[in-house]
Amino acid sequence: MTGPVPKPWIMEIAPYVPGRATTDSGKKAIKLSSNENPLGTSPAARAAFEAASGTLERYPDASATDLRESLAARHGLDPARIIYGNGSDEVLHLAAGAFAGPGDEVIFVKYGFAVYEIAARRVGAVPVIAPDADYATDVDAILAAVTDRTRIIYVANPNNPTGTYASKDEIARLHAGLRPDILLVLDHAYAEYIDGQNDDGGMALAETASNVLVTRTFSKMYGLAAERIGWGYGAPALIEAMHRIRLPFSITIAGTAAALAALGDTEFVEHTRTHNAEWRRWFSDEIAKLGNAGLRPVPSQANFVLVLFEGALTAEVAYKGLMEAGYIVRWLPGQGLPHGLRITIGTEQETRGVAGVLRDLVERAG
Ligand code: PMP
């Protein structure tokens, strides 16, 4: 007899590959591979984290009352409709766990966030990939992929790894085209970075519709990726079902304290937003100047830019060249993007540095 047999659908999962922090030779490098906040974290959040980290022997508040009430007050929401988890990753998994099962279909876009496929397969559901429109989310393609067995549609807006943004009208059209029994998950991990603080209307839909869940995170704009705090908002029946299967204590006391303080530090958030908008524009312009050499920035509304390599310099060579120069970015051959690098917007120095290395590599390849 061999040992326990994993479920066949579990063996279909390609494990998540996180952004690297060290180079091939094991050296520490500037990490622009995981869309973290290059400005660090709010000083108030750090102080609150340190003050709360002395409590080691007690369980955290399983119902996260303070966090839910603070989020509700900050965003004008109903605290009872908030779910939380170990990063928004957990909330994305909870959605699949509660609303999809063996044989059901879960739709996401071709260049979508890797966790959607893992969440779908984990529960035995079948992932269905909707084609993109020049790397952007194509609402018509998603609607065309819907069948009687569709249970969930995951849309990140802005999308990772492309950075593209679907407008409020597009999201409304997507939602209007769905049967009410299909859950639309709008993943707002990068929503705070959208220019002009545009809103895709997701939160308003989550407030009124019975089938929309919006997920958000403290990992990006709030600079708390290490603390793993994410949350979701939707109709009471959606939230109630997800609560049944969540881990009782998935967010920590110190992490929650940091999140509460981060929510209050609007200055840090605004500074991050302004910095990102400025350097995202600068970096995209610099890449566009290398258009003759086949480099192309995909228009981004997130804290990273997907750079396509369609000339003599390949993404693989650029990836290795950047690594040699001490910058780790994300090369995604496993996600159908052997010709693309996803590069997080760093500090001014880091962003100028990456652009400079790419310019040199283009010259050498030319
Ligand atoms: N959604 C998207 C689109 C992401 O890119 C990420 C982070 N990689 C997440 C969700 C999950 O972030 P976290 O679990 O840190 O909240």
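Quick notes on this structure:
- Every residue from the stretch 228-237 that is farther than 14 Å from ASP78 by Cα and not charged (D, E, K, R): ILE229, GLY230
- Against the numbered list (1) within 13 Å of the ligand (Cβ to nearest atom); (2) closer than 26 Å to VAL305 by Cα, TRP279 comes up short only at (1).
- Within the stretch 114-144, being assigned to a helix (DSSP H, G or I) and either touching a residue at least 60 places away in the same chain (Cβ under 8 Å) or in contact with an Asp or Glu (Cβ under 8 Å, 6 or more places away or on another chain) (or both) holds for ALA114, VAL115, GLU117, ILE118, ARG121, ARG122, VAL139, ALA141.
- Scanning the stretch 196-236 for residues that are surrounded by fewer than 17 Cβ atoms within 10 Å (Cβ to Cβ) and in a helix (DSSP H, G or I) yields GLY196, GLN197, ALA204, GLU207, THR208, ALA226, PRO236.
- ASP265 meets each of the listed conditions (1) away from the ligand (no atom under 16 Å from the Cβ); (2) under 18 Å from ARG68 (Cα atoms); (3) under 20 Å from the mean Cα position of the chain (by Cα) apart from (3).
- Restricting the search to helices (runs of 4 or more DSSP H) fully inside the stretch 1-94 and requiring at least 1 residues that are at pLDDT below 95 and surrounded by fewer than 13 Cβ atoms within 10 Å (Cβ to Cβ) gives 8-11.
- Out of TYR165, TYR111, one residue alone is closer than 30 Å to GLY264 by Cβ, within 16 Å of the ligand (Cβ to nearest atom), part of a loop (DSSP other than H, G, I, E, B) and at pLDDT 95 or above. It is TYR165.
- Among the candidates LYS220, LYS289, the residue that is within 13 Å of the ligand (Cβ to nearest atom) and of a type in the set (D, E, K, R) is uniquely LYS220.
The values are calculated or read from the model by the stated rules, or taken from the named source; none is laboratory data. Here the structure is a predicted model, which is why all the values come from computation and not from measurement. Glycine gets a Cβ as well: all are built from the backbone with ideal geometry, and neighbour counts include every protein chain shown.
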